[in-house]
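Data first, discussion second: the structure below is written as structure tokens.
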Amino acid sequence: MNGNLNEATQSFVFRKKQTDLNHLRKLNRYFSKYKGSVLLGMLFLTASNFFLIWIPVLIRRTMDEVEMLGSSAENYGSLFTILFSSEAGAILAFNSLLLIGTVILYGVLLFATRQTLIVSSRKVEFDIRNDVIDKLLRLPQRYFASNRSGEIYIRTTEDVARVREYFGPVLMYTVNTITRAGFIIVMMLIVNRELTYWALLPLPFLSAFAYWVSGFINRYQLIIQEQYSKIAGKAQETFSSIRLIKAFNRSEHEQALFEKESDEYRKKKLKLDLIESLFHPTLNLLIGASVLIVIWKGGVMVMDGVITIGNIAEFVIYVAYLTWPVASLGYTVNVLQKSLASWERIDSLLTQPVDIETAADSDTVTRSVKGEIEFRNVGFKYPGSDEYALKGISLNIAPGSNVALVGRTGSGKTTLVNLIPRLFDPTEGEILLDGIPLKQWNLEQLRSAIGYVPQETFLFSSTIRENIAFGRADAKMDEVEKAAEQARLLENILDFEKKFDTMVGERGITLSGGQKQRTAIARAILKEPEIVILDDSLSAVDTKTEDEILNHLKKNLSGKTAIIISHRISTVKNADIIFYIQEGRIIESGTHSELIKKEERYFDMYQKQMLEQELQNI
């Protein structure tokens, strides 16, 4: 039993090492672009440590020479005379100049190190973040439906920043530890082997302690980061729904919830602060122990005539120089593990299959879009769901026609129109545009030909003009104004103090529901698409404004295919054909008058709305 357990443990450890090696190979590919500056940075760092080790040597030599001069002080009369005599002054001046020159060279080389290694790591971070964003923008809607936005955000920010530490601090500290420790230990052994062994005695304990503490700090930092994410998420949710909170008088309740999360963060942060506050005193204690050992053992050796007082000073400085490289061993290992863990999450994103993209054999780049859409026995399931959201959908939309989709909430109307710009691909069946399967169209051209106003209006935290011109960054001001007029928004914009330069706030919070919907409609109109999809995008608009917008659309979108989803009969009654969808299936189709004559589902919907309208007029 124990043998099997040991074999399983060894197998797991082996697989983990292999996985880490694979991750390192993938990470190191980013080095190839900057290998010249990285190698130069490593050379600069090695050279800086080479000059660093000569600083204690020069200090030791100066002390010994001053001591020798002091032993013959009777020749000069006083210490003042010794320091400013021609012989002593020349020695001190020469050593001082060497020391200053060495320090300057060390500083310049260290600056050059950071300007190569650290700058290269920032460039790699830039490349990785761009790769992540590029991948996210190409991933299908399915990925975003099955992953929380907070997790995706962490991939692009925290995880990328942690991976950068592998290319920056981990590499720099590793090279620094190897070169500095190597140079210093060699110099210490040259001076005196026995004192070297005594001086290095506490350093392994220092490294082990730093490894344990940094590991604890890193683990607890992750817990704190998760708690911080909860606080940030709660704050974002609160500010996004501030109108609702005030309307329902729930300010105190939300404040209490935020204080609860904030208090949890405070407790966890204080615990981490306690560990960190113990770390530095303990570190200094171990360093002090090493220095005390050097002074004690060195003092004995000085009295025995084995070494000089300058050698003791030299060793004390060497121990100080060794402190951070040795302590950083534990820190570097933990940072490396953290970087690999973050890279594993990033790599899982980068290796996600891009299900929806332009086909390799696409030859429709220059093809003009007419707007004929055909669904052939289309079925669709959302990721992770066993139930069909759409089943057996077959319909044909003629180019330039005006089509309406109606039905109860959750019947599959939005799902159906999401398949047209390939936000999702159908699970079964196929969709054709102008007689060509959607998968054979160039994805960029397909989406450029579609003006889509989704059910949930989203506005960016910028000006009204920038929001309207989102689909056409090169749009001129008169074109933006024309689109706003067609969406019946121009009059509202001109009432604002800054007109089109008015900031709409996060998600358009400064605008009313109707103004947000009309801004989204203007955005679609300005794009001048061949196919327009309005997904219940007039629900927050009064019937008069709705009629004006529909009349403008009918006039300006003549010859273009329009698909309108609505729960209002008044919105869809003039459509060329109306499809009634129930539980993912088309159960009725025809014009408004034809469906009324059938006296089925559409007729029931019509009767209900007529009754509601009559009751409102009473």
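The values are calculated or read from the model by the stated rules, or taken from the named source; none is laboratory data. In this text, all values refer to a predicted model and were calculated from it rather than measured experimentally. Backbone-built Cβ (ideal geometry, glycine too); neighbour counts: all protein chains shown. Calculation scope for accessible area: heavy atoms of the full protein, side chains included, ligands and nucleic acids excluded. Shrake-Rupley method; radii C 1.70, N 1.55, O 1.52, S 1.80 Å.
Go through the stretch 385-411 and give me each residue that's crowded, with 22+ Cβ neighbours inside 10 Å and in a loop (DSSP other than H, G, I, E, B). Within the stretch 385-411, Gly407 is the sole residue that qualifies. Within the stretch 529-545, does at least one residue satisfy the condition of being modelled with pLDDT of 80 or more and out of contact with any strand residue (DSSP E or B) (no Cβ under 8 Å at 6 or more places or on another chain)? No, the stretch 529-545 contains no residue that is modelled with pLDDT of 80 or more and out of contact with any strand residue (DSSP E or B) (no Cβ under 8 Å at 6 or more places or on another chain).
Just for strands (runs of 3 or more DSSP E) wholly inside the stretch 511-618: which have at least 1 residues that are open to solvent by 40 Å² or more (accessible area, probe 1.4 Å)? Please lay out each step first, then the result.
Working: elements: 531-535, 561-565, 577-582, 585-590.
The strands (runs of 3 or more DSSP E) meeting that bar are 577-582, 585-590.
Looking across Ile312, Ile346, Ile317, Ile293, one residue alone is within 39 Å of the chain's Cα centre (by Cα), among the hydrophobic types (A, V, I, L, M, F, W, C) and open to solvent by less than 60 Å² (accessible area, probe 1.4 Å). It is Ile346. The single condition among (1) under 29 Å from Leu595 (Cβ atoms); (2) open to solvent by 80 Å² or more (accessible area, probe 1.4 Å); (3) in contact (Cβ under 8 Å) with a residue 12 or more places away in the chain that Pro421 does not satisfy is (2). Filter the stretch 249-290 for residues that are in a helix (DSSP H, G or I) and of a type in the set (S, T, N, Q); which is surrounded by the fewest Cβ atoms within 10 Å (Cβ to Cβ)? So the residue we want is Ser277. None of Ile373, Ile450 is touching a strand residue (DSSP E or B) at 6+ places or on another chain (Cβ under 8 Å), surrounded by 18 or more Cβ atoms within 10 Å (Cβ to Cβ) and over 19 Å from Ile581 (Cα atoms) except Ile450.
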